[in-house]
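Chemist: Can you read through this structure? Questions will come right after.
Please treat every number below as a calculation from the coordinates, not as lab data. Because the structure is a prediction, the values reported are computed rather than measured. Cβ sites come from the backbone with ideal geometry, for glycine too, and all protein chains shown count toward neighbours.
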Amino acid sequence: MKVCTTIAEIQHELANFDKERIALVPTMGCLHEGHMSLIEKGKRLADIVVVSIYINPLQFGVNEDLDTYPRPFADDVKACQDAGVNFIFHPKNLYPEHGIQVGLQVHDLSQRLCGANRKGHFDGVVTVVNILFNIIRPHLAIFGEKDFQQLSIIQRMASDLHMQVEVVGANIIRENDGLAKSSRNRYLSNDERQQAKEIHVALRLIQNNANQDSNINNLLALGQAYLKQHNIAAEYLTICDEISLEPITNMQANTLARIFIAAKIGTTRLIDNLPLTNNNEEQPCV
Ligand code: AMP
C-alpha cells in the first residue's frame, strides 16, 4: 500500500492501471468498521481500492467540529494496510489557495433532513466528491447508507451530470446494541453512549409497528414518545420516500419508505436511518 499526499503522486501511480477497475472510498478518516465494510465492498467489486482521507472544510458549518474532528492518521494507515487497500490519498488541501470560485450546488434534495439545518453542507460534499472523482477517475465509488441523504445526492449528481462512475451504496454497520458506527461516537461520555443506543431502538420500534395500514403520524408519535422517555429531542424524525426524500403521509404498496433521524446526544449530533418496509437487506441486530 502506498500513501500519496499530492494529486500528481496519486495520478502518477494510477496511470499504471489502464485495464484494472478502480474503486474509490472517500472518507474523512478516523476509520472504523463502517469504513472497513466499504473497503471490503470495493475489493470485491474492483481490482484497485483507493481510500481518500480528507477532512473537507467546505462541508462544515461555522459552529461545527472541523477543528476538533479526530485525526488518528497512523491508525488509519494501519487499518487500510491490514484491509488490503492499494492507495491512500491524503492531500493537505484540495482547493485553490485563495478559495474555490466554482463549485456544485444541490437543489431540493439538500433542503430537507440534514440539509435543512446544515446550510451549504451538501454543496460542500458534492463539490469535494466531484474534485475527488476528477482526480482519481474511479470506475466506482462506495458510500455508506449511514449517510443516506449524502448517498442519494451523490447518485443523483453522477446521473444528472452524466459522470462515468458507478455510485454504490453499502449497508450500515452497527455496534452490538444497534448504534450506527460513527467517527463521532468517540465524543460520547459513558452515559451519553448509553442514551445514544435508544436512537436505534426508537427506529426499530417504528419499523416493528409498521404495516400496510399504518398511519404515518401515529408511527412517528410512537417514536417521539419513546425518545422523550429517554430524554432525547430529535432534530428531525421523519418517514420519507427513499428516492425523492420527501416526507410521506401514508403507506402505499410500492413506496420504498425509510425512517430518518438526527438527534443531539449532549453536544454530539448523531444520525441514523432504517427502511420502514421490510423488503430490505438490513437485518435486526438487537
Ligand atoms: P465519513 O468518514 O464519516 O465521511 O464517512 C465516509 C464514508 O463511510 C461515508 O460514505 C459514510 O456513509 C460511510 N460510513 C460511515 N459510517 C458508516 C457505518 N456505520 N456503516 C456504513 N458506512 C458508514
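Chemist: So which of D65, D18, D82 is part of a helix (DSSP H, G or I) and not β-branched (V, I, T)?
Modeler: Step by step, each of D65, D18, D82 is checked, and only D82 is part of a helix (DSSP H, G or I) and not β-branched (V, I, T).
Chemist: With respect to G124, is the statement that it is under 13 Å from the mean Cα position of the chain (by Cα) and within 12 Å of the ligand (Cβ to nearest atom) true?
Modeler: no
Chemist: Could you go through the range 136-156 and let me know if any residue there is outside any helix (DSSP H, G or I), more than 18 Å from the chain's Cα centre (by Cα), farther than 22 Å from L113 by Cβ and within 14 Å of the ligand (Cβ to nearest atom).
Modeler: Yes; the residues of the range 136-156 include at least one that is outside any helix (DSSP H, G or I), more than 18 Å from the chain's Cα centre (by Cα), farther than 22 Å from L113 by Cβ and within 14 Å of the ligand (Cβ to nearest atom).
Chemist: While we're looking at this one, here's another question. Among what's in the range 27-45 and is of a type outside the set (A, V, I, L, M, F, W, C) and near the ligand (Cβ under 6 Å from one of its atoms), pick the residue that is surrounded by the most Cβ atoms within 10 Å (Cβ to Cβ).
Modeler: H35
Chemist: Okay, moving on. Given the condition closer than 30 Å to I136 by Cα, over 20 Å from the mean Cα position of the chain (by Cα) and surrounded by fewer than 19 Cβ atoms within 10 Å (Cβ to Cβ), answer yes or no: does some residue in the range 170-190 qualify?
Modeler: The answer is no; no qualifying residue exists.
Chemist: When you go through (1) assigned to a loop (DSSP other than H, G, I, E, B); (2) within 16 Å of the chain's Cα centre (by Cα) one by one for H162, which number turns out not to apply?
Modeler: (2)
Chemist: Do we find a residue being closer than 17 Å to I173 by Cα, more than 8 Å from the ligand (Cβ to nearest atom) and not small (G, A, S) anywhere in the range 46-59?
Modeler: no
Chemist: Here is a follow-up. Which one of these is under 30 Å from A8 (Cα atoms) and in contact with a strand residue (DSSP E or B) (Cβ under 9 Å, 6 or more places away or on another chain): V129, V106, V102?
Modeler: V129
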